[in-house]
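Shown next, in structure tokens, is the structure this report addresses.
The values are calculated or read from the model by the stated rules, or taken from the named source; none is laboratory data. Source: prediction; values computed, not measured. So basically every Cβ, Gly included, is an ideal-geometry build from the backbone, and we count neighbours across all protein chains shown.
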Amino acid sequence: METAKKTGMTIGSRDELKAYAAKVRAEMAAQKKRVLVCTGPGCLANGAEKILDAFRSHSIEAVGATRTGCHGFCEVGPLVRIEPDDVVYVRVKPEDVAEIVEETLRKGKVVERLVYRDPDTGRTYPKESDIPFYASQTKVALSNCGAINPDDIGEYIARDGYQALARAVLDLSPDEAIEEVLESGLRGRGGGGFPTGRKWMFARQAKGDQKYVVCNADEGDPGAFMDRCIMEGDPHSVLEGLAIAASAIGADRGYIYVRAEYPLAVARMKNAVKQAKECGLLGANIFGSDFSFDVTIKEGAGAFVCGEETALLASIEGKRGMPRPRPPFPANEGLFGKPTIINNVETLATVPAIIRRGPAWFRAIGAESSPGTKTFAVTGQVANTGLVEVPMGATLRDVVFKIGGGVIGGKKFKAAQIGGPSGGCLPEELLDTPLDYDSLKKAGAMVGSGGLVILDEGTCMVEVARFFMHFTQRESCGKCVPCREGTKRMLEIMEKIVAGRATLEDLDTLEQIAWVVKESSLCALGKTAPNPVLTTLKYFRDEYLAHIVDKKCPAGVCTAFKSYVIHPELCKGCGKCRRTCPAEAITGETKHPHVIDAAKCLKCGACVEACAFGAISLE
């Protein structure tokens with residue numbers, strides 16, 4: 001298929017946009033079958049490019065093979081979908097391609113060994129839409145991911161791409177466009193959940209000849225990859241949403257601030273900007289109107305604090321990424337001191353569908369106070385890891401068990417860490433909590449950007465809280481005392497607890513400091529940093545008490561509460577461990593089982609490495 005660049009297509013009106021869309025659709029329809037190969041990072045790491053090359057090496061009439069963004073079901077990648085049959089193959093290898101070509105593309109038969117098989121029931125699912133992981137989802141922001149070639153603007157236009165921008169520029173006044181976003185109830189998907197339309201309205205009303213729109217693509221939560229996958233799989237939806245925002249508030253310049261650790265996302269966003277400019281969908285007098293808009297890609301250095309709006313703006317300006325007090329809010333005084341709105345990737349990718357299909361359609365999805373859908377990156381001890389999109393208000397239980405397939409290894413669900421380092425840990429009794437802004441806030445957690453880590457019964461919740469506290473303390477910019485000093489002190493206490501050296505007085509101090517940090521920090525990083533600690537104290541306090549009072553880790557995870565033992569039935573009495581031990585904690589006669597003095601043991605593990613018979617273990 002030819003891209004807009006190859007055809008030299010310039011789109012100067014809505015009629016030309018529609019004509020080009022019809023042309024590309026006709027070209028796609030001429031292909032009796034299309035082979036869509038997932039080239040998201042997970043599939044790429046497992047040979048997706050070689051799979052795509054293998055399909056392209058087979059010349060089959062009226063069949064086209066193309067790359068796509070992430071299909072979502074990362075657990076079973078690399079994935080290949082055959083359209084229009086909706087047949088999906090999982091864990092595909094380059095050597096499987098010849099069989100798929102012969103059986104499916106030539107004969108129309110399904111290769112049974114490559115379709116998804118439910119690990120519990122053994123049932124096979126040849127069609128993607130029938131697989132439970134996909135069947136329970138509702139896709140809006142991810143509707144094009146896995147369905148189009150992200151490097152081809154034509155495929156985006158063929159699926160009604162840039163129609164919403166045409167409507168916003170040619171049919172709606174700026175106030176009318178803002179009103180539609182307000183009526184939709186769309187709330188910012190970056191974490192805070194602030195109404196998007198209200199943010200736009202404030203910037204629209206702000207005084208200033210120069211205004212800016214900024215896309216926050218600084219996705220820094222451990223385990224989160226929602227925004228990355230949208231940029232990699234459907235970059236033009238982000239550009240279109242950003243352009244609509246610009247036209248609504250009266251801006252002619254935009255920035256996409258994306259972390260440099262996302263090289264594929266950066267490359268695809270840059271390519272999308274280039275193609276849009278070549279087509280006339282960015283630049284001067286878009287669709288022949290008086291609206292002009294240009295976009296700059298700004299790569300960030302990966303500081304977690306730059307996810308905070310004012311710190312992000314400082315970084316774009318070339319300053320150190322540090323937040324500033326608000327007010328003034330960015331809508332009044334933002335980038336370079338000018339009125340600015342900042343929306344994250346998922347928020348902007350949702351806007352075109354709202355403008356195209358109407359606010360009532362969007363409001364009909366999700367919860368009353370949180371309309372629409374939300375993407376979540378599901379990771380951890382769950383059968384089906386990957387990227388999912390569900391209506392707001394879907395329960396945690398639905399995501400974990402219906403879509404996620406439950407906890408792996410036959411273990412029991414213990415908790416879900418939701419919202420990244422800024423979120424909280426929800427226990428089993430809250431599995432029926434609706435995943436919306438207000439319900440999660442009430443439970444002490446937050447939607448956040450959408451990271452969702454599933455934890456099983458073998459997890460130490462104290463160590464989980466310590467891990468996230470270590471992350472947020474390290475990422476603190478140090479500007480305000482509560483965050484800089486408070487998170488440091490909290491981390492020190494958490495490390496004392498997991499080391500078995502803490503007292504009940506330390507526990508009281510930890511909770512007191514947590515509330516001080518939460519209530520008095522300058523920015524959202526500091527205000528939310530204590531959440532993992534506070535929620536684990538609320539729902540798993542017994543584990544803290546076990547560490548402090550009983551001097552044991554109920555999950556058997558924390559090394560400080562373990563001891564190295566020598567199993568006499570395996571020990572040959574060679575003495576190598578005795579000679580290796582730096583603390584002289586091991587005694588025994590040659591050719592007789594040795595023993596370890598727990599009081600002297602440093603728990604360095606040197607004896608385990610020295611033993612050739614596997615006779616020493618940590619218990």
Residue satisfying all of: in segment 182-196; surrounded by fewer than 23 Cβ atoms within 10 Å (Cβ to Cβ) and touching a helix residue (DSSP H, G or I) at 6+ places or on another chain (Cβ under 8 Å); nearest to Thr528 (Cα to Cα) among these
Gly192
For Ala203: the one exception among (1) within 21 Å of Gly300 (Cα to Cα); (2) outside any strand (DSSP E or B); (3) modelled with pLDDT of 95 or more
(1)
So which residues in segment 392-424 are in a loop (DSSP other than H, G, I, E, B), closer than 24 Å to Ala465 by Cα and either assigned by TED's automatic domain parsing to the domain that holds Phe468 or not basic (Lys, Arg) (or both), if there are any at all?
Gly404, Gly406, Gly419, Gly423
In segment 344-356, is there at least one residue being part of a loop (DSSP other than H, G, I, E, B) and in contact (Cβ under 8 Å) with a residue 24 or more places away in the chain?
no
Among residues of segment 427-451, those that are under 19 Å from the mean Cα position of the chain (by Cα), modelled with pLDDT under 90 and in a loop (DSSP other than H, G, I, E, B), counted:
6
Here the residues within segment 23-82 that are small (Gly, Ala, Ser) and closer than 24 Å to Ala158 by Cα are Ala26, Ala29, Ala30, Gly40, Ala62, Gly64, Ala65, Gly69, Gly72
Count of segment 562-603 residues which are without any contact (Cβ under 8 Å) to a residue 24 or more places away in the chain, surrounded by fewer than 16 Cβ atoms within 10 Å (Cβ to Cβ) and closer than 26 Å to His547 by Cα
5
If you scan segment 358-398, which residues turn out to be over 14 Å from Glu75 (Cβ atoms) and β-branched (Val, Ile, Thr)?
Ile365, Thr373, Thr375, Val390, Thr395
Do we have Glu389 as on the phi < 0 side of the Ramachandran plot and part of a strand (DSSP E or B) here?
yes
When Ser136 is evaluated against the numbered criteria (1) in contact with a Lys or Arg (Cβ under 6 Å, 6 or more places away or on another chain); (2) among the hydroxyl-bearing types (Ser, Thr, Tyr); (3) modelled with pLDDT of 95 or more, which criterion, by number, is the only one it fails?
(3)
Could you tell me which of the residues Gly366, Gly409, Gly302 is touching a residue at least 60 places away in the same chain (Cβ under 8 Å), at positive phi and surrounded by fewer than 19 Cβ atoms within 10 Å (Cβ to Cβ)?
Gly302
Quick check on segment 479-490. Is at least one of its residues outside any loop (DSSP other than H, G, I, E, B), small (Gly, Ala, Ser) and surrounded by fewer than 20 Cβ atoms within 10 Å (Cβ to Cβ)?
no
Flag if Glu179 is without any contact (Cβ under 8 Å) to a residue 12 or more places away in the chain, out of contact with any helix residue (DSSP H, G or I) (no Cβ under 7 Å at 6 or more places or on another chain) and in a helix (DSSP H, G or I)
no
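For (1) buried (at least 22 other Cβ atoms within 10 Å of the Cβ); (2) under 25 Å from Pro330 (Cα atoms), each residue gets a yes or a no:
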position: Asp218; (1), (2): yes, yes
position: Cys229; (1), (2): yes, no
position: Asp252; (1), (2): no, yes
position: Ala276; (1), (2): yes, no
position: Gly288; (1), (2): no, no
position: Phe293; (1), (2): yes, yes
So, in segment 274-292, exactly how many residues are assigned to a helix (DSSP H, G or I), hydrophobic (A, V, I, L, M, F, W, C) and more than 32 Å from the chain's Cα centre (by Cα)?
2
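Return yes or no: is Leu545 touching an Asp or Glu at 6+ places or on another chain (Cβ under 7 Å), modelled with pLDDT of 95 or more and closer than 30 Å to Glu429 by Cα?
no
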Odd one out for Tyr564, checked against (1) farther than 22 Å from Lys552 by Cβ; (2) in contact with a strand residue (DSSP E or B) (Cβ under 7 Å, 6 or more places away or on another chain):
(1)
Hey, could you check segment 106-133 for residues that are modelled with pLDDT of 95 or more and hydroxyl-bearing (Ser, Thr, Tyr) and say which is nearest to Phe225 (Cα to Cα)?
Tyr116
